[in-house]
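Colleague: Sharing a structure, written as structure tokens. Questions coming.
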Amino acid sequence: MEATLRYAQLEQRQHNFDGVNSILAAATESPTSEAVGAFLAMHHARIVDRAAHDAAKARGIYDRALERYPSNKNLWLAAIDFELDQSGRRTSEAEEASDAAGFARVVALYQRATGDASLLPEDDKLELWQNYLETVHAFAPRVDMCALLLSEPVLWPILFVSLTRFDDGCG
């Protein structure tokens, strides 16, 4: 893996993004483990997004990786952070208008990661739920946190903690 990353970084420094894509795409097709494959996919998506400035391609890399490595919590978090970062980059009025769609993608990722069909362990799902609540509170303060918490029985154990963390309370 280390040699693959070094080779990809060499290609990146030479602005050969086609080379980076082919190296990392091949490496994620036959990783030594799921954790390695997920890590390589995250690295690949980050390079495509930040160096090649191709958010759509980076999103596709995350989508394929999530299909291939659905039980990797760090991959889910990276994909969610990517979508949040995309929302933060919006500068024009047209881009700001698409914030709702961007946040909808974030919500959809959280729902896929924590839903009944998710392959994540329950502890990881609960951690993602907590992260989701913090994200909603930070980025969408108009969301009724109490209704959100009460709508999901899996969240009831963290309801008390959430109420002490978020100052709006349920009343």
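The values are calculated or read from the model by the stated rules, or taken from the named source; none is laboratory data. It should be emphasised that the depicted structure is a prediction, and the values quoted were computed from it without experimental measurement. For neighbour counting, all protein chains shown are included, and Cβ atoms are generated from backbone atoms with ideal geometry for every residue, glycine included. Surface areas here come from the heavy atoms of the whole protein model, side chains and all, with no ligands, DNA or RNA. Shrake-Rupley method; radii C 1.70, N 1.55, O 1.52, S 1.80 Å.
Colleague: Here are Leu5, Leu40: which of them is closer than 24 Å to Asn131 by Cα and not hydroxyl-bearing (Ser, Thr, Tyr)? Before you say what the answer is, go through the steps one by one.
Modeller: On the way: Leu5 fails: closer than 24 Å to Asn131 by Cα.
Within the list Leu5, Leu40, the selection yields Leu40.
Colleague: Are any residues in the stretch 22-34 in contact (Cβ under 8 Å) with a residue 24 or more places away in the chain and open to solvent by 60 Å² or more (accessible area, probe 1.4 Å), and if so, which ones?
Modeller: Passing the criteria: Thr32, Glu34.
Colleague: Moving to a separate point now. Would you check which residues across the stretch 39-59 are among the small types (Gly, Ala, Ser) and open to solvent by 20 Å² or more (accessible area, probe 1.4 Å) and list them?
Modeller: In the first step, residues of the stretch 39-59 are kept if they are among the small types (Gly, Ala, Ser); the result is 41, 45, 51-52, 55-56, 58.
Within the stretch 39-59, Ala51, Ala52, Ala55, Ala56 qualify.
Colleague: Of all residues in the stretch 1-53, how many are in a helix (DSSP H, G or I) and either farther than 19 Å from Ala79 by Cα or touching a helix residue (DSSP H, G or I) at 6+ places or on another chain (Cβ under 6 Å) (or both)?
Modeller: 32
Colleague: Taking helices (runs of 4 or more DSSP H) that do not extend beyond the stretch 55-132, which have at least 2 residues that are at pLDDT 90 or above?
Modeller: Because the criterion is at least 2 residues that are at pLDDT 90 or above, the helices (runs of 4 or more DSSP H) in the stretch 55-132 that meet it are 55-68, 73-88, 99-114.
Colleague: Among Lys57, Lys73, which is the only one that is touching a residue at least 40 places away in the same chain (Cβ under 8 Å) and under 27 Å from Ala104 (Cβ atoms)?
Modeller: On the way: Lys57 fails: touching a residue at least 40 places away in the same chain (Cβ under 8 Å).
From the options Lys57, Lys73, the qualifying one is Lys73.
Colleague: Still on this structure: Sort out which residues of the stretch 1-24 are under 18 Å from His53 (Cβ atoms) and of a type outside the set (S, T, N, Q), and write them in order of number.
Modeller: The first filter runs over the stretch 1-24 and keeps only residues under 18 Å from His53 (Cβ atoms), leaving 8-9, 11-21, 24.
Within the stretch 1-24, Ala8, Glu11, Arg13, His15, Phe17, Asp18, Gly19, Val20, Leu24 qualify.
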